[in-house]
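What follows is one structure encoded as structure tokens, with my remarks underneath.
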Amino acid sequence: MKKILTLALMAMIALSASAAKKKAPAKDANKPVFTIIKENPITSVKDQNRSGTCWDYSTLSFFEAEILKATGKTYDLCESFVANKTYLERAIQVVRYHGDCQFAQGGSAEDVLQTLKNHGICPEEAMPFPGSLYGDSLNNFNEFFGVLEPYVAAVAKSDAKKISNAWKTGMQGILDAYLGKCPEKFTYEGKEYTPKSFAASLGINLNDYVNITSFTHHPFYTTFAVEVQDNWRFPLSYNLPMDEMMQVIDNAINQGYTIAWGGDVSEDGFTRKGLAYAIDSKAAQSLQGSDMAKWLKMTASKKRDVIDSLGCTVPEIVATQELRQERFDNWELTDDHGMLIYGVAKDQNGKDYYMVKNSWGETGDYKGTWYMTKTFIAANTMDFLINKNAIPAEIRKKLGI
């Protein structure tokens, strides 16, 4: 009897192993396999959660990487400090314009740079953890901006002949209630700082940073303020031909720098799995045996399924200067998201990708990193903030910096 039971048990184990083997998923030949070519040090992936603060997270991540490169020290700088200062200053501008400009959650890399210059910064631990003041575990700006936007609009659109400064006190109260009050002094690693003295201690020169873009409606090798709503401070960007803009990114990475990138991620080819391709839709639909009319009628989810099935074999457009300008002028190329470019990789077919840190937590197949093709970046870059020392010498000479 014991022998029979033993044989039966062995048979069950064998059947179970066989079933498990049959259920093992087949290897997807189209799934990209990456070889890292260059990866620069960065700080940990953060989560902006339900807040429109990618500009804040990505640019502070950029400065954390700059500090790490310059000093070898790792910091976690406080996004709430930057948001508190920025939203008040943006509201002041909206009121000055009598409401004829936008007040919104979004912003630009320049907001972080100007906060560091004018107000300093503090470590994350010097202010309440995001979301904690209103019982959430991370940022959730739904109620916050539901209060803030009408408050600013009421002041900016007032029919009064004269307004007082009292509205600023009320505005600051709302900011402090949801983001936390910015500290005047704090202790970090046993030493007392003000936000300004802390910023001065970080080992970087805040005058080293410039914005780069590439459009033809302004002359190349000159500066202009990129015409998007969240660029409300009107910082000037150096305008380069697209090929030279891409040379700046490649040189920066090769020299150990990162790039605070702003651009368009609303395209079909930007997936939630951690990949981004500049899809050639006509070629993609033909590979699936459907006509363009069918492709255009597909839901976003169905298109993503097609893109995922094609993987790294998905056809891409050829990024050109003319296409960039056309898409900017017809509203296809929009200012959607801020991220941090920090490395370069190749897939099994030899295609080049940038390694890009997101601020959506450790999501996707690569735990918060997106692999975005160089074609995608060339086609979808709005502008970026970079250390001027990362720019190739011959391009710096053309720009006069």
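The values are calculated or read from the model by the stated rules, or taken from the named source; none is laboratory data. Since this is a predicted model, take the numbers as computed values, not measurements. No Cβ is skipped: glycine too gets one built from the backbone with ideal geometry, and neighbour counts run over all protein chains shown. Quick note on the areas: whole protein, heavy atoms, side chains included, nothing else; ligands and nucleic acids left out. Shrake-Rupley method; radii C 1.70, N 1.55, O 1.52, S 1.80 Å.
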Task: Long-range amide H partners of Ile259 with built H, under 5 Å - done: Ile341
Open item on the list: Taking θ = phi - 60°, what integer Hz values does the Karplus form 6.51 cos²θ - 1.76 cosθ + 1.60 yield along the stretch 233-247, in sequence order, with x for Gly and Pro?
Closed with: 7, 6, x, 8, 10, 6, 9, 10, x, 3, 4, 6, 4, 5, 4
TODO: May I ask you to derive the relative contact order of the stretch 202-251, considering only C-alpha pairs under 8 Å and at least 6 residues apart, and to give it as an integer percent?
DONE: 39 percent
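Within the set Lys303/Lys374; Lys302/Lys351; Lys273/Lys357; Lys282/Lys302, which residue pairs have Cα atoms separated by over 23 Å? Intermediate values should be presented prior to the final figure.
On the way: Lys303/Lys374 21 Å; Lys302/Lys351 25 Å; Lys273/Lys357 13 Å; Lys282/Lys302 15 Å.
From Lys303/Lys374; Lys302/Lys351; Lys273/Lys357; Lys282/Lys302, over 23 Å: Lys302/Lys351.
Over the chain, calculate the relative contact order: mean separation of alpha carbon pairs under 8 Å at least 6 apart, over the residue count, as a percent.
Taking the mean separation of contacting Cα pairs over the length of the chain, I get 23 percent.
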Task: For the stretch 261-277, Karplus couplings with θ = phi - 60° (6.51, -1.76, 1.60), whole Hz, Gly/Pro x - done: 9, x, x, 9, 10, 8, 6, 4, x, 8, 9, 7, 8, x, 10, 8, 10
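Report the gain in length on full extension from Asp100 to Lys367: 0.36 nm times residue separation, minus Cα-Cα distance, nm rounded to one decimal.
Values: separation 267, 0.36 × 267 = 96.12 nm, distance 4.08 nm.
Result for the pair: 92.0 nm of gain on full extension.
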Open item on the list: Suppose R0 equals 30 Å. What FRET efficiency, 1/(1 + (r/R0)^6) with r the Cβ-Cβ distance, do Asp308 and Arg50 give to the nearest 0.05?
Closed with: 0.70
TODO: Pull out the extension gain between Asn251 and Ser158, defined as 0.36 nm times the separation in residues minus the alpha carbon to alpha carbon distance; nm, one decimal.
DONE: 28.4 nm
TODO: Could you pull the Rg and Dmax for the stretch 360-401, using just the Cα atoms, both in Å?
DONE: 15.0, 42
Task: Sites Glu125 and Arg233 - FRET efficiency at Förster radius 25 Å, r taken between beta-carbons, to 0.05 - done: 0.30
TODO: Report the extension gain between Ala283 and Thr194 in nm, rounded to one decimal, defined as 0.36 nm multiplied by the number of residues separating them, less their alpha carbon distance.
DONE: 26.4 nm
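Quick one: with all protein chains in place, what share of the accessible area of the chain is carbon or sulfur, to the nearest percent (1.4 Å probe)? Each step should come with its number before you reach the end.
Working: 10320 of 19240 Å².
Carbon plus sulfur share of accessible area: 54 percent.
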Open item on the list: With the crude spin-label approximation of a point 7 Å out along Cα→Cβ, what separation in nm comes out for Ala300 versus Arg396?
Closed with: 4.2 nm
Open item on the list: Per residue of the stretch 392-397, what does 6.51 cos²θ - 1.76 cosθ + 1.60 with θ = phi - 60° give for ³J(HN,Hα)? Whole Hz please, x for Gly and Pro, Karplus curve as stated.
Closed with: x, 4, 5, 6, 4, 5
TODO: May I ask what percent, to the nearest 5, of DSSP beta bridges between residues of the chain are antiparallel?
DONE: 85 percent
Task: Rh by Kirkwood over Cα pairs, then Stokes-Einstein D for the chain at 1.306 mPa s and 10 °C, µm²/s - done: 68 µm²/s
- [ ] Report the local net charge at Ser137: Lys and Arg +1, Asp and Glu -1, summed over other residues whose C-beta lies under 14 Å from its C-beta.
- [x] 0
- [ ] Straight distance only, please: which aspartates and glutamates reach the Cα of Lys31 with their own Cα at less than 12 Å, same-chain residues fewer than 8 apart left out?
- [x] Asp308, Asp347, Asp365
Open item on the list: Would any residue of the stretch 368-382 have its amide N under 14 Å from a label point 7 Å out along Cα→Cβ of Leu138? List them or say none.
Closed with: 368-369
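What accessible area per residue comes out for the chain, rounded to a whole number of Å², with a 1.4 Å probe?
Accessible surface, normalised per residue, equals 48 Å².
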